[in-house]
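Notes to accompany the following structure.
The values are calculated or read from the model by the stated rules, or taken from the named source; none is laboratory data. Fair warning: this is a prediction, and the values are worked out from it, not measured in the lab. Cβ: placed from backbone, ideal geometry, glycine included. Neighbour counts: every protein chain shown. These accessible areas exclude ligands, DNA and RNA; they are computed on the full protein's heavy atoms, side chains included. Shrake-Rupley method; radii C 1.70, N 1.55, O 1.52, S 1.80 Å.
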Amino acid sequence: MFKGLTNTCAILLLAAAISATSCGNSKSESQANAEDILSEAQALYDSGKYVEAIGTIDSLMKKFPGIIDVQRQAMHLKTLVVEKQTILDSIANDSAIVANKQIVDSLANNFKYVKTADMVEGYYVSKKVSSDNLTKRTNIEARINDFGDIYLISSLYGKNIKHTRLRAMAGDSTVETEAVPYDKARNYRFKDGGTTVEMVTFRKADCDTLCQFIADNAAKEIKLEFVGNKKYSYTLPQNTKSLIAETYTFATHKAQLKKAEDLRLYYMKKLQITRKQSRQTATNMKGDAQ
């Protein structure tokens, strides 16, 4: 009788041990789900869908923070994805440098730098701009400052309307600058003999939209209004439209070229950091496997 009981107990204990071993070797549901998402991220990486791969990895790391081995694999994969995406971004940026430099170089000889002894800052202006002093005529003139920003000078000769902004109209479309209040600096007035002269300097933030509008509509008739207590309007001469369009193009591509050149350095540094992180995460994975 005791022998039978002993055999029964032994069988039960063996079954329990086998069951425990089986449970110990099986993956938890969270582990399996995490690995599935990691496989999905790997597939996206392999197919060159780097943005989607990053999103999948970030989702995995957020949903399963406790699955350490998968987290480490995901972190390493992320460095590989970032490296590939950075290389692609760098290649596209190099193309932007070439394209913008070609335009800037083609236009550079059309501009001259002006800086006299009494000027704090100089500026670039088209060589084709009228030699007649702007203070003695009604017109607008586009210039580029030392920082590469376009700005606009308005001169209203012989009219007393105290203008603070400009408005341009082409067909049914209208744009205007921001207002520059009278301050005797950027907005000032004086007498040329007995003739009233009003001059306003519109910075890039004030006039960028209007300059682009003139550039985009240079082939059309554009009415320009000086807006103040009253309005004074006239048709922009073709030469003025063409010079503003050229200056806007030059300034825009100079800014894009500078940005792309800055980004080249950024991408170089980013690649260095990412590759260092990739080596470190690979080491972490080996340590985890041991």
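Excluding ligands and nucleic acids, what accessible area in Å² is computed for S131 using a 1.4 Å probe, to the nearest 10?
Estimated to the nearest 10 Å², S131 gives 120 Å².
Give the calculated FRET efficiency between I68 and N145 to the nearest 0.05, with a Förster radius of 41 Å applied to their Cβ-Cβ distance. If you can, show how the numbers build up before the last one.
Values: r = 55 Å, r/R0 = 1.35.
Taking R0 as 41 Å, the efficiency between I68 and N145 is 0.15.
Using Cα pairs under 8 angstrom and six or more residues apart, how large is the relative contact order of the chain, in percent?
18
With the Cα gyration tensor of the stretch 96-183 giving a ≥ b ≥ c as the square roots of its eigenvalues, does the rule (a/c under 1.5 for rounded; else a/b larger than b/c for prolate; else oblate) give rounded, prolate or oblate?
oblate
Any chance you could give the angle, 0 to 90 degrees and rounded to 10, that helix 68-108 forms with the longest Cα principal axis of the chain?
Taking Cα atoms only, the helix is inclined about 20 degrees.
Only Cα pairs under 8 Å and at least 6 apart count here; give the relative contact order of the stretch 97-146 as a rounded whole percent.
This gives 31 percent for the stretch 97-146.
What angle, in degrees between 0 and 90 and rounded to the nearest 10, separates the Cα long axis of helix 50-63 from the longest principal axis of the Cα atoms of the chain?
The angle comes out at about 50 degrees.
How high is the relative contact order of the stretch 207-290? Use alpha-carbon pairs under 8 Å, at least six apart in sequence, and give a whole percent.
After rounding, I find 24 percent.
Note down the net charge around T235, summing +1 for each Lys or Arg and -1 for each Asp or Glu among other residues with Cβ under 12 Å from its Cβ.
Neighbour charge sum, excluding T235 itself: +1.
Please work out the FRET efficiency for the pair D36 and I87, using the Cβ-Cβ distance as r and a Förster radius of 22 Å; give the result to the nearest 0.05. If you can, show how the numbers build up before the last one.
Details: r = 28 Å, r/R0 = 1.28.
The computed FRET efficiency comes out at 0.20.
Quick one: of K115/K223; K127/K191; K128/K184; K112/K159; K162/K223; K184/K223, which pairs are farther than 21 Å apart, Cα to Cα?
Violating the 21 Å limit, Cα to Cα: K115/K223; K127/K191; K128/K184; K112/K159; K184/K223.
Which residues make up the longest stretch of the chain that has no GluC sites (Glu not before Pro) in a DSSP loop with at most 16 other Cβ atoms within 10 Å?
1-120
Keeping the other protein chains in place, figure out the carbon and sulfur percent of the accessible area of the chain, with a 1.4 Å probe.
53
Can you give the Rg to Rh ratio for the stretch 225-264, taking only C-alpha atoms and Rh from Kirkwood?
Reported Rg/Rh, Kirkwood definition of Rh: 1.29.
Hey, what angle do you get for helix 238-289 against the long axis of the chain, alpha-carbon based, 0 to 90 degrees rounded to 10?
Approximately 20 degrees, to the nearest ten.
What number comes out for accessible area per residue over the chain if the probe is 1.4 Å? Units Å², please.
Roughly 59 Å² per residue, with all protein chains present.
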